[in-house]
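Please read the structure below before turning to the comments.
Nothing in this text is a laboratory measurement; each read-out follows from the coordinates by a stated rule. A quick note: this is a predicted structure, and the numbers were derived from the prediction, not measured. Note: ideal-geometry Cβ built from the backbone for every residue, glycine included; neighbour counts use all protein chains shown.
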Amino acid sequence: MPGLDQRDYERLLAFRTGLRRFLYWSGQQAEAAGITPAQHQLLLAVRGHPGPDGPTIGEIASYLLVRHHSAVELIDRAVTAGLVARQADSGDARTVRVVLTDSGRERLEKLAASHLEELARLTNRMHTLWAGLDTDTSS
């Protein structure tokens with residue numbers, strides 16, 4: 001990529017600042033709902049997992065970008081809080097799946113609605129930052 005100009009750095013700063021503001025806001029929303037930001041991410045990883053069965057602990061670790069043992073600790077705390085439950089896989093009893101409880105599902109639904117509204121508000125700002133990034137700079 002040829003030399004970057006001041007506008008490029010300003011857009012990168014605005015993008016990273018926007019992401020950090022969203023994550024900060026999201027954390028505040030989770031805490032207001034009575035859960036930690038990490039528990040919110042866990043609930044979303046469980047609910048957003050494709051397919052009828054819940055994700056495995058390894059899949060959760062991958063979604064959250066954490067090590068397996070860190071995912072286990074987070075899941076343990078969420079089980080204690082009544083947010084998720086462990087289930088044996090229907091096809092392989094050695095595999096553990098994680099599913100939402102009714103309480104976890106209710107909290108996530110409330111948070112998801114507000115998050116989608118916030119993302120809709122951010123979309124216009126992000127489009128401005130992306131404008132011109134998809135042009136061919138090799139000419």
#### Entry: Surrounding net charge for Arg47, when Lys and Arg each add one and Asp and Glu each subtract one, Cβ distance under 10 Å
0
### Summary
For Arg121 and Glu31, extending 7 Å from Cα along the Cα-Cβ vector and measuring point to point gives, in nm, a value of 1.8 nm
## Note on the structure
Shape descriptors of the chain over alpha-carbon atoms, Rg and Dmax in angstrom, are 19.0, 58
### Task
Neighbouring Cβ atoms within 10 Å as the yardstick, rank His127, His115 fewest first.
His127, His115
### Task
Would you please give the FRET efficiency between Leu4 and Ala88, computed as 1/(1 + (r/R0)^6) with r the Cβ-Cβ distance and R0 = 41 Å, to the nearest 0.05?
0.20
### Query
Any idea what angle helix 102-130 forms with the longest principal axis of the chain, computed on alpha-carbon atoms, 0 to 90 degrees, nearest 10?
10 degrees
#### Entry: Per-residue HN-Hα couplings for the stretch 6-23 [Karplus 6.51, -1.76, 1.60; θ = phi - 60°; Hz; x = Gly/Pro]
4, 4, 4, 5, 5, 5, 4, 4, 5, 5, 5, 5, x, 4, 5, 5, 4, 5
#### Entry: Residues whose placed amide H lies under 5 Å from that of Thr101, excluding near-sequence neighbours
Val84, Ala85
### Query
In the neighborhood of Gly104, defined by Cβ-to-Cβ distances under 15 Å, what is the net charge if each Lys or Arg adds +1 and each Asp or Glu adds -1?
+3
